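First the structure, in the form of structure tokens, and then the observations on it.
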Amino acid sequence: MKTQNQKAWLFVLPVLLLVAFNALIPIMTVVNYSVQETFGNNLFFWEGMGWFEKLLHSDRFYSALGRQFFFTGMILAIEVPLGIIIALSMPKQGFWVPVCLVTMALPMLIPWNVVGAMWNIFTLPDIGLLGYFMNHVLGVSYDMTQNPTAAWATIIVMDVWHWTSLVVLLSYAGLVSIPDAYYQAAKIDGASNWAVFRFIQIPKMKNVLTIAILLRFMDSFNIYTEPFVLTGGGPGNSTTLLSIDLVKIALGQFDLGPAAAMSLIYFAITLLVSWVFYTLMMKDD
Amino acid sequence: MKKRYFIPLIYILFLMLPIYWLVSMSFKTTGEILSGFSLFPQEWTFQNYRVIFTDPTWYWGYINSISYVTLNSAISIAVALPAAYAFSRYRFLGDKQLFFWLLTNRMAPAAVFALPFFQLYSAVGLFDTHLGVALAHTLFNVPLAVWILEGFMRGVPKELDETAYVDGYSFPRFFVKIFLPNIKAGVGVAAFFCFMFSWVELLLAKTLTAVQAKPIAAIMTKTASSAGYELGLLAAAGTLTIIPGAIVIYFVRNYIAKGFAMGRV
């Protein structure tokens, strides 16, 4: 059992100071901008809740938010089941285990804009491996820069390529922690594969799977660099996710007020959904 | 071979295809790339790599990236160790709230922080320094390091601490001599994650640097747009950014599975 000790705060102090410097000051800057209007030259005027009201009535915001949710939904719906299936069929011991783990972890260690650039090169219609295969071998017209469906399919496949391994490695860690005795008991009882999965493997993976879902939610909801490098939000606005739109407004047009208001709403949504996940996750601890 | 092994096999093949394409393109001449499709380089060239290793703006990009990533991992682990110890051993006022607040910083979209970070780091004179980028990346790495280390420390029985105190160890000596060796794997895994997230992040690193500390990934983006269609060069630079990651994974390969469970399976 943990002991009550207020001096523990001293141990936490360095982290607290560092994170406060990095998080509180910038977030207060954002709050500050979100209620003001600027015309440059450091002239600011009080705007109140104006930016928030405008944003909550703008179609552009809702469509970008909708695309972000669609993206995250697709990512979770594909990566989580796929990751579990791969983890279940991986070898449990022997020479191939480290080979699998290392090759699977590799995509996660590639800088995000290199991932975007790599997929760009991979999908070029006439000279990329995938682009050439689709257009000239399968005979399907495939060009990301022209066709919104192709662009969407590509950013989703790219993210599946990039991050499914996180779910695989987490589920795998859960699976190898199950003692052999459990499986032997199931065998004696004549349990089906499904029963083993449902009553032994899923409960044992529950903890790590929640971490996986939480991390995948946060990261896919905040994704910016990879789709930006790959499609630039196009063709048209079809793949302009919320984050891409935000950077466009903040750093492209330098509309600090609207960008700040948008940041806060964005952050609040991420926080709310993550908090729900977090409380569910910590409930059984 | 069992039939089900086909699933991971196909998956790994799928993972390797785009990487193969990047590497193969880095050995092609620009002429060959633009002239049409070829599965293997027809005439091997090392020209793209030669450009990178002889041009200081290119190779300094690598040095910059590795410098701030190393600095960041060191800072993150150093501050996260005592904090994780406190979370794993004691209850104190506001501990749960503090833990969640730390995690929220892992959730903040980097896009939200880009502009205020630029202003903050310019104001304190850390703009365009390795230390600046390293400190900025602690925003998401420190919470993660605390989370991972706490998971590993919880697995160490409390009796260990008590026995050490009975034996007359002071806290710092106990922590360094007895406790740290027990969570060695956890420290390695946490350092791996810090390395990973600092190495792959670009938006903040790009916003906070101009010349002196510019990361390799940002130099690539600039080249991609300014020098037109230098695909071979871009591919070579991309290939080189994969190597540090591959080396680091190789070293932690035996801890990867446990590490991803963050010590709490």
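Read-outs throughout are calculated quantities, based only on the coordinates presented, and are distinct from any laboratory measurement. These numbers come from a predicted model, not from an experiment. Using ideal geometry, Cβ is built from the backbone for each residue, glycine included, and neighbour counts are taken over all protein chains shown.
Once backbone amide H atoms are built at 1.01 Å from N, A:Gln36 has A:Glu47 as its partners under 5 Å, excluding neighbours fewer than 5 places away on the same chain.
Taking amide H atoms as placed 1.01 Å from N in the peptide plane, the amide H of A:Gly232 has no partner under 5 Å among residues 5 or more positions away or on other chains.
Which one, A:Gln36, A:Gln68, A:Gln253, has the greatest fluctuation when you compute a Gaussian network model over chain A with C-alpha springs under 10 angstrom? Among A:Gln36, A:Gln68, A:Gln253, the largest mean-square fluctuation in the Gaussian network model of chain A belongs to A:Gln253.
How high is the relative contact order of chain A, given as a whole-number percent (alpha carbon pairs under 8 Å, six or more residues apart)? Kindly include the intermediate steps, with their values, before the conclusion.
Details: 256 pairs, mean separation 79.0, N = 285.
After rounding, I find 28 percent.
Estimated purely from DSSP H runs of n ≥ 4, each contributing -39500 (n - 2.57), the mean residue ellipticity at 222 nm for chain A is -22000 deg cm²/dmol once divided by its residues.
I'd like to know which of A:Leu256, A:Val30, A:Pro179 lies farthest towards the positive end of the charge dipole of the protein assembly as shown, counting +1 on Cβ of Lys and Arg and -1 on Cβ of Asp and Glu. Result: A:Pro179, furthest along the dipole toward the positive end. Each residue of region A:22-37 is assigned a 3J(HN,Hα), and the resulting list reads 7, 9, 5, 4, x, 5, 5, 4, 5, 4, 4, 5, 5, 10, 10, 10 Hz, derived from the Karplus form 6.51 cos²θ - 1.76 cosθ + 1.60 (θ = phi - 60°), x at Gly and Pro.
Per residue, the convex hull around the alpha carbon atoms of region B:1-89 comes to 194 Å³.
Across peptide B:241-249, the average count of Cβ atoms from other chains found within 10 Å of a residue's Cβ is 5.
Which value, in debye to the nearest 20, gives the size of the charge dipole of the protein assembly as shown about its Cα centre, when Lys and Arg are +1 and Asp and Glu are -1 at the Cβ?
The calculated dipole for the protein assembly as shown is roughly 1520 debye.
Considering only B:Leu126, A:Ser58, B:Thr221, and ranking their Cα positions along the charge dipole of the protein assembly as shown that arises from unit charges at the beta-carbon of Lys, Arg, Asp and Glu, the one farthest toward the positive end is B:Leu126. Ranking of B:Phe117, B:Phe100, A:Phe45, B:Phe179 by neighbouring Cβ atoms within 10 Å, starting from the fewest: A:Phe45, B:Phe100, B:Phe179, B:Phe117.
Across A:Phe11, A:Phe122, A:Phe69, mean-square fluctuation computed from a Gaussian network of chain A (C-alpha pairs under 10 Å connected) peaks at A:Phe11. Relative contact order for chain B: 32 percent, from Cα pairs under 8 Å spaced at least 6 residues apart, divided by residue count.
For chain A, give the magnitude of the charge dipole about the Cα centre (Cβ charges: +1 Lys/Arg, -1 Asp/Glu; no others), in debye to the nearest 20.
Here the size comes out at about 840 debye.
3J(HN,Hα) couplings calculated from phi for region B:93-99 with the Karplus curve 6.51 cos²θ - 1.76 cosθ + 1.60 (θ = phi - 60°) are, in sequence order, 4, x, 5, 5, 4, 4, 4 Hz; Gly and Pro show x. Determine, at each q value in 0.12, 0.17 (inverse angstroms), the log₁₀ of I(q)/I(0) that the Debye formula gives when each Cα of chain B is one equal point scatterer. Rounded to two decimals, the profile gives -0.88, -1.30. Projected over all directions and averaged, the alpha-carbon convex hull of chain A occupies 22.1 nm². Take the alpha carbon gyration tensor of region A:221-266, find the square roots of its eigenvalues, order them as a ≥ b ≥ c, and report rounded if a/c is under 1.5; if not, report prolate when a/b exceeds b/c, else oblate. Note, shape of region A:221-266 comes out prolate. Rounded to the nearest whole Hz, the Karplus-based 3J(HN,Hα) values (6.51 cos²θ - 1.76 cosθ + 1.60, θ = phi - 60°) of region B:34-41 follow the sequence 7, 7, x, 7, 8, 5, 10, x, with x at glycine and proline.
Here the average projected area of the convex hull drawn through the C-alpha atoms of region A:179-285 stands at 10.2 nm².
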